[in-house]
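Quick notes on the structure that follows.
The values are calculated or read from the model by the stated rules, or taken from the named source; none is laboratory data. Note that the structure is a prediction, hence the values are computed from the model and not measured. Positions of Cβ are generated from backbone atoms using ideal geometry, with glycine treated the same way; all protein chains shown enter the neighbour counts.
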Amino acid sequence: MSSTTPSTTTDNSSLEGRNTKVHASAEEEGEAIAEDRDVLPRRAFLPCPTPLATHVASSWRRDLAVFILGSITGMVLFLCSTMASSTQRIELAPHGCPMETLSTDNSSGVLLPNASTGSHDPGGRYAFVQMAYDIPGVRSNQVWKVMAMARTLMRFSDYPLVVLTNSTHLPDGVPLGQALERLNAQVLPLQDRWPSLATSKELKPLHRFAYLKLQIWLLTQYEKLIWLDTDAILVRSMDWLFERQPIWGQRDDPLCQFREQMEKDEVLSSSILLIAPSHETFNGLRRFAEARPQDWWENDAQALIQGYFHQVKHPIRLLDGTDAADGNCLGRMPGVPYSSPGPWNLPAFVHRSSWRNECFDFDVGRQKVRRHGKIVNICHFHPLGSYWRDMFCDALRITKTGTNNTEAFCDDYYWHNKD
């Protein structure tokens, strides 16, 4: 052990001496080059090259970081496109026309096709109102009739629909409020407000609807309301009616005479009404009803409403025939002046498709008649038959509701070809 140590020391000293000479020689050579070329500084040492392993490690980390960032970006873009396509998509309706629809997921809070955001009425002062009263113990049907009008209001109006009803569910079991919310409609319960006991005994179940209709004057959370019967349809916007002062209504004109000035013998049709809700008016109508011996309820309360306003308030003003008319008057009313000949006279509001109102209904059996020895669907020949059906079936697709009868009615082959 003692002989090995001195030998090692001697060798290291010898190496250090040689290394010193080599570095000195290199330094002198570098100074000479700098003096000759006058480019490099006197002590210009080139940096030591980075080891190959360091380059490989750095390149690997950089590639991994780029890969991770690219993957995250791709995932974000994919999720965004998936969410956008799930909330707004183009579907083909059974009749073959492209129909814009939005997701009907009720939790999204997004209004559906052409649904109003109420931008013209931020305070929620105005609304349309309908009533769906089903006689207890009788098969529910009236709630279905709200669907078509609710769909048209989504297209034409800036204001929501309020539905007064004694039903809580649709016939297929879907909660009514949940379904109508997807159509920009709100459900409110009907209240048990009847005339005195003596009068109420005279009311048959169907006649109670006429009295229940008066409850629209109790909706004082609204400044103005437009009442719409459920056996009617809109083909243009009626929002402009909110700009008028109540009360306005449709002219009851079964002979389609369309007189411009109201005469004493003209009668109100309460199928559409512009009103200003008021507890005072409701109580006045109620007292007026209990004091009148005649059967005012036989005519859907419109005689009561007209009589009360004519005697107690002020006469009701009547809408023009181009704004509101019965379906049996289609094609017979004065038209809009236009240079091209044609039937430019379709009212914005059409009450009942005909006397039987078979085309504003989903009962196909009522629409089948015999012509020239052949059974045909008479609503194929009605100018609004297909239109009402499209609105009704669109509403059912949006709300994801229906029964066997409604599904058969909305089946194109069944409706167009089934005898």
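Each residue in the range 378-408 was checked for being aromatic (Phe, Trp, Tyr), surrounded by fewer than 23 Cβ atoms within 10 Å (Cβ to Cβ) and touching a residue at least 12 places away in the same chain (Cβ under 8 Å), and 1 of them qualify. Look at the range 211-223: where a residue is within 12 Å of residue 188 (Cα to Cα) and a partner is β-branched (Val, Ile, Thr) and surrounded by 19 or more Cβ atoms within 10 Å (Cβ to Cβ), sitting 6+ places away or on another chain with Cβ atoms under 9 Å, you get 216/129; 216/162; 216/275; 219/129; 219/162.
In summary, strands (runs of 3 or more DSSP E) completely within the range 95-167 and bearing 2 or more residues that are modelled with pLDDT under 95 and within 20 Å of residue 389 (Cβ to Cβ) occur at 98-102.
Considering the range 306-328, and only residues there that are buried (at least 19 other Cβ atoms within 10 Å of the Cβ) and without any contact (Cβ under 8 Å) to a residue 60 or more places away in the chain, the residue that is farthest from residue 254 (Cα to Cα) turns out to be 308. Being surrounded by fewer than 19 Cβ atoms within 10 Å (Cβ to Cβ) and not in a loop (DSSP other than H, G, I, E, B) is not true of residue 332.
Okay, residues lined up against (1) among the polar types (S, T, N, Q); (2) over 24 Å from residue 229 (Cα atoms); (3) within 27 Å of the chain's Cα centre (by Cα):
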{"residue": "326", "(1), (2), (3)": "no, no, no"}
{"residue": "349", "(1), (2), (3)": "no, no, yes"}
{"residue": "366", "(1), (2), (3)": "no, no, no"}
{"residue": "376", "(1), (2), (3)": "no, yes, no"}
{"residue": "398", "(1), (2), (3)": "no, no, yes"}
{"residue": "406", "(1), (2), (3)": "yes, no, yes"}
{"residue": "410", "(1), (2), (3)": "no, no, yes"}
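Residues of the range 174-206 that are surrounded by fewer than 21 Cβ atoms within 10 Å (Cβ to Cβ), modelled with pLDDT of 90 or more and over 15 Å from the mean Cα position of the chain (by Cα): 174, 175, 188, 189.
Across the range 368-382, a minimum of one residue is classified as in contact with a helix residue (DSSP H, G or I) (Cβ under 7 Å, 6 or more places away or on another chain), within 19 Å of residue 414 (Cβ to Cβ), outside any helix (DSSP H, G or I) and modelled with pLDDT of 85 or more.
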